[in-house]
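Rule-based calculations on the coordinates, nothing more; no lab input. Just so we're clear, the structure is a prediction, and the values are computed from it rather than from any experiment. No Cβ is skipped: glycine too gets one built from the backbone with ideal geometry, and neighbour counts run over all protein chains shown.
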Amino acid sequence: VQLQAFGGGLVQPGGSLRLSCAASGSRFRINTMGWYRQAPGKQRDLVADITSSGITNYADSVKGRFTISRDNAKNTVYLQMNSLKPEDTAVYYCNARTSYNSNWGQGTEVTVSS
């Protein structure tokens, strides 16, 4: 499965960004898609994920600020990030899980700084 992520960049605190990630080439049905992030010197943590039926799950640190959505027909997942904080700075990775494997994208960098 190839995952191509877009939308990272530099934004000021309080600003917004929208990430997108398109999956292609999967032999199997993609169940859950999600976003993880890894800040320098830290582990990769879940930001949010969404099942094929639309059930969402968020890290406590982003609840109320980030919204994950999905277009099943396009195998694309989106992450709308509002009210960004400097602590949201990280490389954001897209993930797509089937019943047989877990697949990662290349990562897109998000920097929140004035």
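Given the options Arg37, Arg65, Arg97, state which has the largest fluctuation in a GNM of the chain using a 10 Å cut-off (strictly under) for Cα springs.
Arg65
If you take the Cα Rg of the chain and divide it by 2.2 N^0.38 Å, with N the number of residues, what do you get? Let's see the in-between values first.
On the way: Rg = 13.4 Å, N = 114, 2.2 N^0.38 = 13.3 Å.
Compactness ratio reported: 1.00.
Distance between Cα centroids, segment 37-56 to segment 1-35: provide it in whole Å.
11 Å
Using +1 at the Cβ of each Lys and Arg and -1 at the Cβ of each Asp and Glu in segment 26-90, identify which of Val47, Thr67, Gly34 lies farthest towards the dipole's positive end.
Checking the options against the dipole of segment 26-90, the answer is Gly34.
Could you point to the residue in Tyr78, Val112, Gly25 farthest towards the positive end of the chain's charge dipole, with +1 and -1 charges on the Cβ of Lys/Arg and Asp/Glu respectively?
Value computed over the given set: Gly25.
Can you compute the modelled spin-label distance between Ser102 and Arg29, with each label point 7 Å from Cα toward Cβ, in nm?
Taking the simple label geometry, Ser102 and Arg29 are separated by 2.1 nm.
Determine, from the Cβ-Cβ distance of Ile55 and Glu109 and an R0 of 35 Å, the FRET efficiency 1/(1 + (r/R0)^6), rounded to the nearest 0.05.
In this case the efficiency is close to 0.80.
Can you return the lysines within cross-link range of Lys63? Criterion is Cα-Cα under 19 Å, with same-chain partners fewer than 8 residues away left out.
Lys85
Say each of Gln80 and Gln2 gets a label point 7 Å from the Cα, pointing the same way as Cα to Cβ; how far apart are those two points in nm?
Here the answer is 2.9 nm between the modelled labels.
Can you tally the net charge around Gly8? Count Lys and Arg as +1, Asp and Glu as -1, for every other residue whose Cβ sits under 12 Å from the Cβ of Gly8. Write out the running numbers ahead of the final one.
Working: positive: Arg18, Arg37; negative: Asp88, Glu109.
Result for the neighbourhood of Gly8: 0.
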